[in-house]
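Report on the structure given below.
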Amino acid sequence: MKNLIASLILIMSLTSCGETKKDPDLIIDITKIAGQEKEEVEKILGSPNNTESVSPSNTPCKEIPCEKCFYKNDKFEIVYINGKADWITINNVSDYELDKNTLQSIGLPLVEPESTQPNSLYWQYIENVKEINVVGNGNGMLDYIYIKSTTK
């Protein structure tokens, strides 16, 4: 019995000595809200805490204003273009490092960025997402994540 306990302790100590990389915490699975209608988004984020009308240029919203909704105390801002969650901003992410692992934090597979700048990383066409721009705060941490689902 003593040998069994000693063996178990040895195995546990050896496996705990290796360096393990923790998967980033999931902020949200963006694939479940990008391109979805407001009703589907609300099933995930709840009701918006605020809404406003916006008319960004070079979008269908220029002629007829689109709805911009704020969820979870403004952590998520979503502009619905043609009735679908299209422009998505994720705020309050300063606990996350500015690196490519951010993709996993929003439910996307880890791939190399198309563009890397000192304070931003940029990807295109991952799953159902057209563009992802991760912006840093100047101290190696995130400031916000900006996602475009379908429009430019």
- [ ] Looking only at the range 92-110, decide whether some residue is surrounded by fewer than 17 Cβ atoms within 10 Å (Cβ to Cβ), hydrophobic (A, V, I, L, M, F, W, C), in contact with a helix residue (DSSP H, G or I) (Cβ under 7 Å, 6 or more places away or on another chain) and part of a loop (DSSP other than H, G, I, E, B).
- [x] yes
- [ ] List every residue pair whose Cβ atoms sit under 9 Å apart, with the two residues 6 or more apart in sequence or on different chains, where the first one lies in the range 121-146 and is in contact (Cβ under 8 Å) with a residue 24 or more places away in the chain and the second, anywhere, is outside any strand (DSSP E or B) and basic (Lys, Arg).
- [x] Val134/Lys100
- [ ] Output the qualifying pairs, or none if there are none: Cβ atoms under 9 angstrom, residues six or more apart or on different chains, first residue in the range 52-75 and farther than 16 Å from Val41 by Cβ and of a type in the set (Val, Ile, Thr), second residue at pLDDT below 95 and part of a helix (DSSP H, G or I).
- [x] Val54/Cys61
Task: In the range 23-51, residue nearest to Ile126 (Cα to Cα) [restricted to those that are free of Cβ contacts under 8 Å to residues at least 60 places away in the same chain and within 15 Å of the chain's Cα centre (by Cα)] - done: Ile33
Open item on the list: Looking at Thr150 and the list (1) free of Cβ contacts under 8 Å to residues at least 12 places away in the same chain; (2) assigned to a loop (DSSP other than H, G, I, E, B), which single condition is not satisfied?
Closed with: (1)
- [ ] With the checklist (1) surrounded by 12 or more Cβ atoms within 10 Å (Cβ to Cβ); (2) modelled with pLDDT of 95 or more; (3) part of a loop (DSSP other than H, G, I, E, B) in hand, flag the one item Lys68 doesn't pass.
- [x] (3)
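The values are calculated or read from the model by the stated rules, or taken from the named source; none is laboratory data. What you see is a predicted model; the values in this text were computed from it and never measured. Because the Cβ atoms are built from the backbone with ideal geometry, glycine has one as well, and the counts that use them run over all protein chains shown.
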